[in-house]
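Here's the structure we're looking at; comments come further down.
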Amino acid sequence: MVKIILGALLCSMLSASTLASSKTDWWEDASFYQIYPRSWKDSDGNGIGDLNGITEKLDYLKEIGMTATWLSPIFQSPMADNGYDISNFTNIDPIFGTLEDFDALLKKAKSIGLKVILDFVPNHSSVECEWFQKSVNREDGYDDFYVWEDGKDDPMNPGKKLPPSNWISIFGGSMWEWNEKRQQFYLHQFLKEQPDFNFRNPKVHTEMLEVLKFWLDRGVDGFRIDAVPHMYEKVFENGTYPDEPLSGATNNSDSQYYLRHIYTQAQYETVEVLYEWRDFLENYKKQNGGDSRVILAEAYAEINTLVQYFGNGTHYGAHLPFNFNFAAVSELLNARTFQMVVSSWMDTMWKTHKMANWVVGNHDLQRVASRVGDDLKDLVNVLIASLPGATITYYGEEIGMINVEYECPNCGDDQTRNFNRSPFQWDDGISAGFSTSTNTWLPIAENYKENNVKVQRGIARSTLNVFKSSQRLKHTAAFKEFKDDDGFSYGALNDNVFQVIRGNKTGEYRILANFGNKIENVGPLFGTVMEDATDTFEYTLVTSHSPHRIGEKVKLSEVYMMPFEACVLKKIGNNSANTSY
Ligand code: NOJ
């Protein structure tokens, strides 16, 4: 801890002066909220969430301090993968509404100063997409629009073909599917209903830019790009595809974990595509004015790859390659593991690019309360908001929603993925206020009567109110000093207690979280090394596990913490400005 703070202080002498004048663009410390449109608000009573429902409830995002929202796919789709299989990239699926409904949503968002980010799925389409049908029929211009290959002769079955390589799709089974009509295999990194585009074909690039332009012209503020590392696959000069080596991680030869994906993920060409899209967005801004349009990149990849996706100092790609470090930690969450989560980003991406973001959950991850334990959900929300950079909150994490399990015999792997997509709990009425129908597309959590927005608004230290206070703090002056290293330091004080220090010139805050199930005498942990151990602080944020009251004064040397307590202390006296939040 001491090392980290002192190190940060030394570094700051160099970097604070150079960076103090660099202006922060909106996305750098934005509060993103991911809406899963099927599950957020149903306006027409068919049990499925839709665009008009979102528009109706958009003010709620301002209430909880969000500055931008990212909508999971709303495009025309047969829904083999819940909308990540798009059949028309420039139209809205009727279950969500119409283009006019989308325009109305954007208009409302702009009127309240909320940015809207769309999901962009460039790796693949649906098999029902017109482009794929044209490609199957080898129509002019579409012959090589997808990745097609003859396959290998099957020595056991003369006249039959075997897949071109041993590649296994993310959802299991061969990544190659035979197409009777074209008499070739096509590649699909995900479901067989999701054929991969061929990014070695310039026409694919052109069409993708057209898609981006279509939505930019309607007024969106950026894109979350799906499955970035999957866009290219290795192909040898003679046109063959190399087998991937075994990983040794599992004996299940149908599982994606069976192979090491050295030829199907994070290929070097991907970076160029991100640069191309970034240039396109920058030019669009130059020509049309307005704020930056941004790229959020979904990439489960090594940090070195993510650094490349961000940029190399000359060229830039994704503004925010998602940081999934926190998502990788589950029941082992404590002060030390949290420190690893933070430093693995700060020591790399932050060091080189002064960019950070923190993904708390998403539609592919288990709910935080189910993943790390109900007692820790508030700590996570408080700590994430205390870090520099952008936060990305999945709907429902602000009220501590849990996984909702249900029987779905035909769902396969999809079943567990759906556990985290249950309808949002607005109130204690019919279907938790999500829909007027009791027949919702997924079951509502049984705890909705006690756990919903309406109830939590009325409880002072509810998860929702703690979330709101943390987000308010994130947008105060002291937390905005986030590019100056002397405005930020962090570290585990012991195995259980984690501390973040924010602010310097505009007030100082200590964010403390006790991950452990015992009382911690924190004062001595600050110890003699901290010059301000005897300074007085004031509690400005407390969680339900805290015995303290807001406004209560304490000397650092006398701080103690209850099990699972999180709190924020503000330094009072000459050093602190009167920051209101
Ligand atoms: C990542 C998305 O988050 C996931 O839900 C989807 O199935 C795959 N990409 C394929 O598009």
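The values are calculated or read from the model by the stated rules, or taken from the named source; none is laboratory data. What you are looking at is a predicted structure, and each value in this text was computed from that prediction instead of being measured. Cβ placement follows ideal geometry from the backbone for every residue including glycine, while neighbour counts extend to all protein chains displayed.
Here are a few things to note about the model shown:
- Enumeration of residues in segment 296-332 that are farther than 15 Å from Val359 by Cβ and of a type in the set (A, V, I, L, M): Val307, Leu332
- Cβ separations smaller than 6 Å between residues 6+ apart or across chains give the following pairs from segment 531-543 residues that are modelled with pLDDT under 95 to residues that are part of a loop (DSSP other than H, G, I, E, B) and of a type in the set (A, V, I, L, M, F, W, C): Thr536/Ile572.
- Pair list, Cβ < 9 Å and 6+ apart or interchain, from segment 347-360 residues that are over 16 Å from Tyr300 (Cα atoms) and modelled with pLDDT under 95 to residues that are surrounded by 14 or more Cβ atoms within 10 Å (Cβ to Cβ) and among the basic types (Lys, Arg): Lys354/Lys483
- Qualifying residue in segment 32-54 (condition: surrounded by fewer than 22 Cβ atoms within 10 Å (Cβ to Cβ), outside any loop (DSSP other than H, G, I, E, B) and among the β-branched types (Val, Ile, Thr)): no
- Residue, surrounded by the most Cβ atoms within 10 Å (Cβ to Cβ), within segment 200-229, restricted to residues that are more than 15 Å from the ligand (Cβ to nearest atom), part of a loop (DSSP other than H, G, I, E, B) and under 25 Å from the mean Cα position of the chain (by Cα): Asp221
- Looking across segment 169-186 at every residue that is of a type in the set (Phe, Trp, Tyr) and not in a loop (DSSP other than H, G, I, E, B), the one that is farthest from the ligand (Cβ to nearest atom) is identified as Trp178.
- Summed over segment 363-410, residues that are surrounded by fewer than 21 Cβ atoms within 10 Å (Cβ to Cβ) and over 24 Å from Val500 (Cβ atoms) total 12.
- Condition met for Thr69 (surrounded by fewer than 20 Cβ atoms within 10 Å (Cβ to Cβ) and part of a strand (DSSP E or B)): no
- Checked against the criterion of being in a strand (DSSP E or B) and either out of contact with any Lys or Arg (no Cβ under 6 Å at 6 or more places or on another chain) or modelled with pLDDT of 95 or more (or both), segment 521-529 has at least one qualifying residue.
- For segment 294-337, the set of residues classified as in contact with a His (Cβ under 9 Å, 6 or more places away or on another chain), in contact (Cβ under 8 Å) with a residue 60 or more places away in the chain and farther than 29 Å from Ile511 by Cβ consists of Ile295 only.
- Residue satisfying condition, being closer than 30 Å to Gly172 by Cα and at pLDDT 95 or above, within set Ile402, Ile459: Ile402
- Among all residues of segment 235-252, there is at least one that is out of contact with any helix residue (DSSP H, G or I) (no Cβ under 7 Å at 6 or more places or on another chain), farther than 25 Å from Asp81 by Cα, among the aliphatic types (A, V, I, L, M) and modelled with pLDDT of 95 or more.
- Taken as a whole, the structure leaves Glu130 outside the set of residues that are surrounded by fewer than 23 Cβ atoms within 10 Å (Cβ to Cβ), more than 16 Å from the ligand (Cβ to nearest atom), without any contact (Cβ under 8 Å) to a residue 24 or more places away in the chain and over 29 Å from Val382 (Cβ atoms).
- Top-ranked residue of segment 316-368 - restricted to ones that are outside any helix (DSSP H, G or I) and more than 26 Å from Ile117 (Cβ to Cβ), ranked as nearest to the chain's Cα centre (by Cα): Ser330
- Checking Ile117, Ile74 one by one, the residue that is more than 23 Å from Phe171 (Cβ to Cβ) and within 15 Å of the ligand (Cβ to nearest atom) is Ile117 and no other.
- Tally of residues being within 16 Å of the ligand (Cβ to nearest atom) and not acidic (Asp, Glu) across segment 281-305: 6
- Evaluation of Tyr232 against (1) away from the ligand (no atom under 15 Å from the Cβ); (2) under 30 Å from Lys107 (Cβ atoms); (3) surrounded by 21 or more Cβ atoms within 10 Å (Cβ to Cβ) (one fails), failing number: (2)
- Residues that are closer than 12 Å to Ile384 by Cβ and within 16 Å of the ligand (Cβ to nearest atom) are absent from segment 331-349 altogether.
- Tally, over segment 360-392, of residues that are more than 17 Å from Arg417 (Cα to Cα) and either acidic (Asp, Glu) or within 16 Å of the ligand (Cβ to nearest atom) (or both): 4
- Filtered residues of segment 87-118 (kept if touching an Asp or Glu at 6+ places or on another chain (Cβ under 9 Å), without any contact (Cβ under 8 Å) to a residue 60 or more places away in the chain and either of a type in the set (Val, Ile, Thr) or part of a helix (DSSP H, G or I) (or both)): Ile92, Ile95, Asp101, Lys108, Ala109, Ile112
- Test result for Ala249, within 16 Å of the ligand (Cβ to nearest atom) and assigned to a loop (DSSP other than H, G, I, E, B): no
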